[in-house]
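Bear in mind these aren't lab numbers, they're just calculated from the coordinates by the rules spelled out. Note that the structure is a prediction, hence the values are computed from the model and not measured. All Cβ positions, even for glycine, are placed from backbone atoms using ideal geometry, and neighbour counts span all protein chains on display.
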Amino acid sequence: MPAVTVWLRGDHLVRHRGPLARRPDEPLLLIEAESFARKLPYHPHKLTLVFTAMRQFRDAVRESGRSVHYRQVETFAEGLTAHFEAHPDDHLVTTEPQADGARERIEGLVGDAGGTVDFVPDERFLCSPDQFDEWAGDGRYRHEDFYRFMRRETGYLMTDGDPVGGEWNYDDQNRETPPEGWEPADPPTFEYDETTEETAAWVQETFAGSYDDRPYGGDWADPEAFRWPVTRRQAVRALGHFISHRLADFGPYQDAMRGEEWAMSHSLLSTSLNLGLLLPEEVIERAIGAYEDGTAPLNSVEGFVRQVLGWREFLRHVYRREMPELATANQLDADEQLPELYWTGDTDMACLSDVVEGVRRRGYSHHIERLMILANFGLVYGVEPAQLNRWFHAGYVDAAHWVTTPNVVEMGLYGAGVFATKPYASSANYVDKMSDYCSGCPYYKTKTTGEGACPFNALYWDFLDRNEASLRSNHRMGLMYSHVDNKDEEEWDAIRERAEAIRTMASDGEL
Ligand SMILES: Cc1cc2nc3c(=O)[nH]c(=O)nc-3n(C[C@H](O)[C@H](O)[C@H](O)COP(=O)(O)OP(=O)(O)OC[C@H]3O[C@@H](n4cnc5c(N)ncnc54)[C@H](O)[C@@H]3O)c2cc1C
Ligand code: SF4
């Protein structure tokens, strides 16, 4: 019988479940590969997060008495070779990666290093591949159906087979904007130890100068102080803070944007969930507990549960099933280059400049800013989906290919049409309704053409015009195309001219 070592990759830092819990006596292998961090010009906070969380995990597991092989190397191949040279009879057990291709790559790497590997289920999710495939069959899948399926399967927010409160979904109560004077609770802060401080400094020294493949050079500005949980203990505290201070307001203001409030009442838990520091069932159960003890209303709790039990699980399987095609899907043939302003934040557009600046400073923006500002602009501008995906992947602390790709390429840019039933395209109207950006913006939100007109407006109409052949027959686009039909040729000439001028301004860095 070969000896077994549990190999956990840096985003599977789960101790109390999964292979580490099932094999209490076997050693743990962690490989810290620098080449991974050079694949893209990653935000320094993302690198600090991943490397620190791995090092903290190593220390915590060692403290619990288990032996840990921690390899700091250039590539995974190098780390695996070193491992099998030191332990030639070893057999690795690791968690199933998200995409089939990744599993084959891992098997290849381990085989080349002279070893063998087995895969076990990924404990960071509630719905297994078999369960999803049986539910989905070969047909198209809709999120709402999947979400209801998962509510029934898990029993979360269910009573006697029916949804608690009588409705599956309280979205109609979750589109409010906060009143004047509303202030969300401050996000939690954490005290960091020497390991974290040293890793942050090492990241700065090691990677800041290595962003040669960035198209426009420069750095991620001056990020604010690093702020994300890096240990299980910190992640549990972050969860407790959200449940006690922010969950109640999460629902109603879920879609709202305020320039001064980068976090609103969002949970800020995606990094911990994606690294395995928190598991989905515990965050869902804490939220439901808050409803049951009367400290959070049902619309907030259901809204939050839908994100974690519904969207997060759903997109993970969409990715698994639709890769590798999804990464390069581009059904609208969008072929514009990503404008430089995504890297620099240098634009007079108040909404876009504020959100990009937030990403530069924190590696984060909340969902509606990602969807309705950053992706919406890319969509109506006509950015090639893979380019925007790469930018999101590099810039966000919570980015991982399995979650960024379906969100950006499909939900944001309508690249494949595998689950999105229409593009999320909108003009300044939406931004104005859901945010306070337009009142402080030099562009005129109500103007579509001519100098000073809000760029979202002409680009929105131009988008509908350019993509008419693909979109007009979509019954969900009927209302939009009835407005298209109300415009005369003179208006269309002015719209096309303005859209062209905006693209020129954006590519000249003058938008
Ligand atoms: C264009 C675009 C890019 C995105 N890129 C990422 C990404 O790289 N990594 C990532 O984790 N999420 C991504 N999302 C999903 C979502 O925006 C983030 O999970 C969320 O904003 C993280 O902040 P939070 O923890 O405060 O989330 P909350 O708003 O508090 O939501 C709670 C949790 O629900 C889950 N969740 C909510 N929406 C989604 C979703 N659409 N997909 C998957 N999980 C979801 C997350 O785990 C999140 O932590 C993206 C969405 C869009 C539209
Ligand atoms: S006017 Fe247009 S560019 Fe300015 S904040 Fe509003 S939507 Fe954004």
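Among 326-339, 425-438, sorting by the average number of other beta carbon atoms lying within 10 angstrom of each residue, highest first, gives 425-438, 326-339. Here the peptides 288-301, 179-192 are ranked by packing, the mean other Cβ count within 10 Å, and the order with the highest first is 288-301, 179-192.
The stretch between Arg105 and Glu34 holds 23.8 nm of extra length on full extension. This uses 0.36 nm per residue minus the Cα-Cα distance.
For Thr95, the residues whose amide H sits under 5 Å from its own are Arg9, Val120, ignoring neighbours fewer than 5 places away on the same chain, with H placed 1.01 Å from N. In order along region 6-15, phi translates into HN-Hα couplings of 7, 9, 10, 7, x, 10, 10, 8, 9, 9 Hz, rounded to whole numbers, per the Karplus curve 6.51 cos²θ - 1.76 cosθ + 1.60 with θ = phi - 60° and x for Gly and Pro.
Note that region 234-249 has calculated 3J(HN,Hα) couplings of 5, 5, 5, 5, 4, 5, x, 5, 5, 4, 7, 10, 10, 4, 4, 8 Hz, one per residue in order, obtained from phi through the Karplus relation 6.51 cos²θ - 1.76 cosθ + 1.60 (θ = phi - 60°); glycine and proline are x. List the residues of region 351-380 whose backbone N lies under 20 Å from a point placed 7 Å from the Cα of Trp182 along the Cα-to-Cβ direction. Taking a point 7 Å out along Cα→Cβ of Trp182, the residues of region 351-380 whose backbone N falls under 20 Å are 351, 355, 365-373.
Extension gain for Glu153 to Lys433 (0.36 nm times residue separation, less C-alpha to C-alpha distance): 97.1 nm. Taking the helices alone, the chain has a mean residue ellipticity at 222 nm of -13000 deg cm²/dmol, built from -39,500 (n - 2.57) per DSSP H run of at least 4 residues and averaged over all its residues. Annotation: extensible slack from Asp162 through Asp118 equals 11.8 nm (criterion: 0.36 nm per residue apart, minus Cα-Cα distance). Ordering 342-355, 488-501 by mean Cβ neighbour count within 10 Å, with the highest value first, yields 342-355, 488-501.
In this structure, Ala86 and Glu224 have a Cβ-Cβ separation that, at R0 = 35 Å, corresponds to a calculated FRET efficiency of about 0.30. Around the Cα centre of region 3-120, unit charges on the Cβ atoms of Lys, Arg, Asp and Glu (plus for the first two, minus for the last two) sum to a dipole of about 560 debye. Between the Cα long axis of helix 143-154 and the first principal axis of the chain there is an angle of about 40°, rounded to the nearest 10. Quick check for the chain: number of Lys pairs with alpha-carbon distance under 27 Å, counting only pairs 8 or more apart or on different chains? So the count of such lysine pairs works out to 9. The charge dipole of region 341-507, taken about its Cα centre with unit charges on the Cβ atoms of Lys, Arg (+1), Asp and Glu (-1) only, comes to about 620 debye. Cα centroid separation, region 123-172 to region 29-88: 36 Å. What separates the Cα centres of region 450-486 and region 252-326 is a distance of 32 Å. The Glu191 and Gln72 beta-carbon pair, evaluated with R₀ = 35 Å, returns a calculated FRET efficiency of approximately 0.90.
Using 1/(1 + (r/R0)^6) with R0 = 56 angstrom and r between the beta carbons of Thr446 and His16, what's the FRET efficiency to the nearest 0.05? Once rounded, the FRET efficiency stands at 0.55.
Among rounded, prolate and oblate, which fits region 111-217 when a ≥ b ≥ c are the square roots of the eigenvalues of its C-alpha gyration tensor, a/c under 1.5 means rounded, and a/b larger than b/c means prolate? Oblate.
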